Amino acid sequence: MDPEKTAPFELGRGEDACLLLHGFTGSPWEVRPLGEALAARGLYVRAPQLPGHGSTPEALLSVSHRDWEQAAAQALLSLRGYRRIFVAGLSMGALLALRLAADFPERVHGLALVAPALRFKGPLMWLLKRLRRHGLLERVKPWVFKTGTDVSDPAVLAEAPILPAFPSARLRDLWELQDIAMSVLHRVRCSTLVAVAEQDHVVDPTCGPVLVRGLTASPQVRFISLSTGFHIIPRDRGGPLLASEVGSFFHRLREATPARPVAATP
């Protein structure tokens with residue numbers, strides 16, 4: 001993977017901030033257009049690279065979902081001195097964002113959950129999950145190979161940094177994050193936007209309404225379903241509409257609710 005494309009980034013400046021979290025086997029490249037749009041609306045934006053991501057398949061051998069959760073939490077806690085902090089996550093990043101909102105309600109002012117990976121599509125993922133139950137996953141299929149990414153725009157697809165394979169053991173971590181996300185939904189107390197792509201080939205878009213129903217403590221939940229583009233929504237044809245929706249949602253929260261000073265973390 002091209003390290004210049006997959007590198008973490010920081011954009012913009014302002015009194016409010018947004019943490020952007022990419023998806024499994026992905027990189028900050030996936031969410032950069034959304035970050036640019038939010039920065040243009042007056043937010044400071046930070047997108048870290050999650051452990052084991054953005055380089056080689058082998059780099060994912062020595063990490064787990066705990067490393068990703070810890071990295072996300074550290075990134076959130078490092079945002080000091082901002083009036084409001086928002087978190088937006090793509091796919092697996094949306095699951096991590098939910099955990100952050102549940103664990104740090106005093107810090108997370110609003111959420112944007114983009115193509116949340118609550119349940120995967122396809123017979124292969126169903127089979128691998130069944131193999132997990134019998135302890136056969138790593139023995140039968142130690143690696144899962146990839147030939148592309150789920151983007152409908154051919155020009156974007158041609159330039160996308162693609163990890164060619166990942167250890168099947170990491171699917172256990174994804175399934176664990178799915179369970180964690182469902183278990184903390186009722187503890188999320190900030191306003192939340194949920195966005196899915198109707199033509200997503202990676203995750204089941206019907207999970208969007210599942211999240212909406214489960215966010216019982218959120219003061220407001222907005223759900224949007226995009227008819228264009230595939231799973232990597234920020235980079236695909238639905239990206240501009242997504243950026244507009246997320247930007248407007250966060251803007252309304254900034255205008256309608258008072259700032260909550262975020263205490264510095266020692």
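The values are calculated or read from the model by the stated rules, or taken from the named source; none is laboratory data. Only a predicted model underlies this, so the values are computations on that prediction, with no experimental measurement involved. Reconstructed Cβ throughout: ideal geometry from the backbone, glycine too, with neighbour counts over all protein chains shown.
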Selected residue [closer than 16 Å to Ala72 by Cα and free of Cβ contacts under 8 Å to residues at least 24 places away in the same chain] from Pro51, Pro8:
Pro51
Among the residues of segment 113-134, is there at least one that is within 25 Å of Arg80 (Cβ to Cβ) and either within 17 Å of the chain's Cα centre (by Cα) or assigned to a strand (DSSP E or B) (or both)?
yes
For segment 25-55 the number of residues that are among the charged types (D, E, K, R), in a helix (DSSP H, G or I) and crowded, with 19+ Cβ neighbours inside 10 Å is 2
Under 7 Å between Cβ atoms, at least 6 apart or on separate chains: pull out the pairs that start in segment 91-114 with a residue that is under 17 Å from Phe223 (Cα atoms) and in contact (Cβ under 8 Å) with a residue 12 or more places away in the chain and end on any residue that is polar (S, T, N, Q) and assigned to a helix (DSSP H, G or I).
Leu95/Gln178
Being more than 15 Å from Asp173 (Cβ to Cβ) and assigned to a helix (DSSP H, G or I), is that true of even one residue in segment 5-20?
yes
Filter result for Ala217 (out of contact with any Ser or Thr (no Cβ under 8 Å at 6 or more places or on another chain), closer than 19 Å to Glu69 by Cβ, small (Gly, Ala, Ser) and in contact (Cβ under 8 Å) with a residue 24 or more places away in the chain)
no
Only one of Ile224, Ile233 that is closer than 17 Å to Glu30 by Cβ and among the β-branched types (Val, Ile, Thr):
Ile233
Within segment 127-161, considering residues that are surrounded by 13 or more Cβ atoms within 10 Å (Cβ to Cβ) and among the β-branched types (Val, Ile, Thr), the one farthest from Gly239 (Cα to Cα)
Val144
Among the residues of segment 245-252, are any under 17 Å from the mean Cα position of the chain (by Cα), at pLDDT 95 or above, farther than 27 Å from His53 by Cα and among the small types (Gly, Ala, Ser)?
no
Looking only at residues that are in contact with a Gly (Cβ under 9 Å, 6 or more places away or on another chain), farther than 16 Å from Gly93 by Cα and not polar (S, T, N, Q) in segment 201-226, which one is surrounded by the fewest Cβ atoms within 10 Å (Cβ to Cβ)?
His201
Which ones in segment 209-235 are touching a strand residue (DSSP E or B) at 6+ places or on another chain (Cβ under 8 Å), closer than 23 Å to Thr149 by Cβ, in a loop (DSSP other than H, G, I, E, B) and of a type outside the set (Val, Ile, Thr)?
Gly229, Phe230, His231
Considering only segment 166-188, state which residues are buried (at least 16 other Cβ atoms within 10 Å of the Cβ) and either assigned to a strand (DSSP E or B) or charged (D, E, K, R) (or both).
Phe166, Pro167, Arg170, Arg172, Asp173
With the condition kept exactly as written, say whether any residue in segment 12-34 is in contact with a Gly (Cβ under 8 Å, 6 or more places away or on another chain), over 30 Å from Arg252 (Cα atoms), touching a residue at least 60 places away in the same chain (Cβ under 8 Å) and β-branched (Val, Ile, Thr).
no
Could you say whether any residue in segment 56-65 is small (Gly, Ala, Ser), touching a residue at least 60 places away in the same chain (Cβ under 8 Å), farther than 17 Å from Val151 by Cβ and in a loop (DSSP other than H, G, I, E, B)?
yes
Any residue at all in segment 190-208 that's in a helix (DSSP H, G or I) and over 19 Å from Phe104 (Cβ atoms)?
yes
